[in-house]
Structures are given as C-alpha cells and as structure tokens.
1. In this structure, does G84 turn out to be within 15 Å of the ligand (Cβ to nearest atom) and on the phi > 0 side of the Ramachandran plot?
2. Please work out which one of (1) open to solvent by less than 30 Å² (accessible area, probe 1.4 Å); (2) more than 13 Å from the ligand (Cβ to nearest atom); (3) within 19 Å of the chain's Cα centre (by Cα) is the condition S194 fails and give its number.
3. I need the full set of residues from the stretch 21-33 which are within 18 Å of the chain's Cα centre (by Cα) and either open to solvent by less than 30 Å² (accessible area, probe 1.4 Å) or of a type outside the set (K, R) (or both), in order please.
4. Modelled with pLDDT under 95 and in contact with a strand residue (DSSP E or B) (Cβ under 8 Å, 6 or more places away or on another chain): is that true of V88 in this structure?
5. Among the residues of the stretch 48-64, are any within 30 Å of Q267 (Cα to Cα), open to solvent by less than 50 Å² (accessible area, probe 1.4 Å) and modelled with pLDDT under 95?
6. Please go through the stretch 81-113 and pick out each residue that is assigned to a strand (DSSP E or B) and of a type in the set (V, I, T).
7. Of these, F153, F106, F133, which one is open to solvent by less than 30 Å² (accessible area, probe 1.4 Å), among the aromatic types (F, W, Y) and in contact (Cβ under 8 Å) with a residue 60 or more places away in the chain?
Amino acid sequence: MTRVPVRDDLRALEGYHSPQVHVDVRLNTNESPFAPPAAWYDAFAAELSRVEWHRYPDRAAAALRAGIAHLHQVRPDQVFVANGSNEVLQTLLLTFAGPGRAVATFEPTYQLHGHIARLTGASVLEGERAVDFSLDLAEVRRVLAAGSPVVTFLCSPNNPTGLVESQADVRTVLGLVPGLLVVDEAYGQFADWSAIGLVDDETPLVVTRTFSKTWSMAGSRLGYLIGPAWLVAELDKVVLPYHLDAAKQIAGRLALTFVDEMEARVQFIVAERERLSAELAAMDLDVFPSGANFILFRPRSMAGRAVWQRLLDRNVLIRDCSGWPRLGDCLRVTVGTASENDQFLAALTGALSPEAVH
Ligand SMILES: *Cc1c(COP(=O)(O)O)cnc(C)c1O
C-alpha cells in the first residue's frame, strides 16, 4: 500500500507528548488530585438517565453557556465552549490564523499555542522571555512590530514556569497588539488576578479557561473562552456542529453548581503549593515562584534528567522539562494531595542525596 504524503508544511512537525507511566504518585499533568464531590456524581447519573439519546444535543449548549456567563458576570453571547481549552485554541486559530498569517508566543510557554498555530498553516514568531522567565516588554514591542501577528499569546499563570503576568504588563501588551490578544488562564483560579475583567465587546482580548484543572473534570474535556460577542459568533461558524455531546454539557453545567467546593479545593492546593515551595527552596534547587497548581524547579548540582529518573525509581512521576528549549535541567511538579506531596518531598530528598544509588 502506498502512503499518501501529508501536507508539506506538516512533515517536519512533531506531535505533542506527555508520557504516562504507571506509578503510585502521579504529579505530571497538573490535574486536580481530587475527584468531583459525591453529590456531583449523583446529580450527573440522574440527569444522564433522562437524556434523549436519539436526538442531537443542544447545539448552542445554552444552559452550560449561561452557567459560565453567570460565574464570570458576562453575557452568554460572550462565552464560547469546546472540548477542552485546546479545542477552544484550535477553533480560535482556525478562525484567525492560517497560511500567510503570523502568531506570536513568548517562550518558554505552553507548547500547544505554537503547535496548533502551525497546524493551521500559520507561521509562529517565538519571542524570548527574560532569564527569570518574566515578560520582556522591549522584546514584545520588537516581535509585534517586526511580524505584525494576527494572534498574540500570553499564558497567565504561565505553563510550565508558573509565573503570573502582572496586570500592568497585560494592559501594556493589549495596547500594543496589532491583532487579537489571547490570555490562556488554564490556571487562572490559582492566581491573584484575572484578565477576564478586561474583556468587553470593543477590546481585542479573549481569555481562555478549562474545566480540566480546577474543576476536577479533566476526564470530560471541557474548556471555554470569554471574549467579544462578535468574535464568539465567528467561532460558532467555524466549530463543528453539535461538537459538545449531551453528557458533557450536563457534566459541565452540574460542576458549576459546586463553586464552594471548587474554591475550597483551590485554597487547599494554594496552601500546599506554598508549603511545597518553601520546602523546595530549602533544598539544593532553584525554585521559580508559582501562581499555579504546579512548581518549576532546577537542581543545582545534578542533572535534571537524573533527578527525574531517581524520582521515578521511587514511584513518583513528575514532568521532565529538562530537554525542552530554554528549560535545561528544569522539572515541574504538580501539587497533589498532602500525602502525595509528602511522598514527593521524601523521594526528592532521597534523589538529591549524593549517596543515593538511584
Ligand atoms: C492544561 C492546559 C490547557 C489545556 O486544557 P484542556 O482544557 O484540558 O484542553 C490549556 N492551556 C494550558 C496553559 C494548560 O496548561
């Protein structure tokens, strides 16, 4: 059988990888360590039994959109929902990027911003961050002026560094962009401010969010953006009809009725993040300040990859970023339950000790 050649511009692209290994303590993908509340399971099961499975789902996902709009005090026509915020990003880029257009990122940042942009045929302008991974506004000005990107990405808190962009910087970038500014707030609930308050129908700004991290719903694949109503209407034309199945709409809508439980989980994780950061700072590591549910750190006197392997040998899986561009020797740990965090700290202490034979 003959292999049909893929598009010329896709031939050099690599897929997005997040290796999964079976271990006791899995702190590598920034999910919530907690399942949804028991009452959510009951309500979901009850509603599922009443779904008319022979009918298409509500194409506009009106109830889910209304719930999200209510949560953020915006109008439902300013909300676009899709299968994970990755599909939100894909729909945005299918609508605004594409061949002959440019998209700007400031590296290191979330790899899928550039990856999905390239899949649409756009070119990606990779701006650099400062050595401490903060945004360099002179570099932002240079990239935007040189390449005139139709979409500019920021990620706050930034994945994988954990850094929160300041409100002043986001406002400055918003004033500079020649096109659309997308602020990816997948970890927004863990930070001390949100750009959602800057969204209105006259401003070229969208903020993306996900149910995967704070809402304990990574299994459901649900994400959304808050943006100008005209833009949401354009995205609705591009996304496939009936893209949100009935079960997912119910899952998301019901999750939004457990806001207090979600906020309690966020508070717990933020407290654990502070505890972990303090413990890590006392070890032979450089630790980056985090406003998210994960922490980036770099061993000072051992290769990052070796520390990652020694943790794995101790049944703890974290994210190995040591081979990623600009992140030499860096590792990223997701904040877990108190017990998981303790097991991670114990394993790390062992891994860093010079006598450790793996
Ligand atoms: C996890 C993550 C997402 C993807 O979220 P999904 O809703 O699960 O697709 C988007 N952006 C960033 C920065 C993330 O870390």
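1. Yes: the conditions hold for G84.
2. Of everything listed in (1) open to solvent by less than 30 Å² (accessible area, probe 1.4 Å); (2) more than 13 Å from the ligand (Cβ to nearest atom); (3) within 19 Å of the chain's Cα centre (by Cα), S194 misses just condition (1).
3. L27, N28, T29, N30, E31, S32, P33, listed by residue number.
4. no
5. No, there is no match, as no residue in the stretch 48-64 is within 30 Å of Q267 (Cα to Cα), open to solvent by less than 50 Å² (accessible area, probe 1.4 Å) and modelled with pLDDT under 95.
6. Of everything in the stretch 81-113, those that are assigned to a strand (DSSP E or B) and of a type in the set (V, I, T) turn out to be V81, V103, T105.
7. F133
Results for (1) away from the ligand (no atom under 14 Å from the Cβ); (2) acidic (D, E), shown as yes or no for each residue.
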{"position": "D184", "(1), (2)": "no, yes"}
{"position": "L198", "(1), (2)": "yes, no"}
{"position": "E202", "(1), (2)": "yes, yes"}
{"position": "K213", "(1), (2)": "no, no"}
{"position": "I226", "(1), (2)": "yes, no"}
{"position": "W230", "(1), (2)": "yes, no"}
{"position": "L235", "(1), (2)": "yes, no"}
{"position": "V239", "(1), (2)": "yes, no"}
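The values are calculated or read from the model by the stated rules, or taken from the named source; none is laboratory data. Predicted, not measured: the structure shown is a model, and the values here were computed from it. Positions of Cβ are backbone-derived with ideal geometry, glycine not excepted, and every protein chain shown enters the neighbour counts. For accessibility, only protein heavy atoms count, side chains too; no ligands or nucleic acids. Shrake-Rupley method; radii C 1.70, N 1.55, O 1.52, S 1.80 Å.
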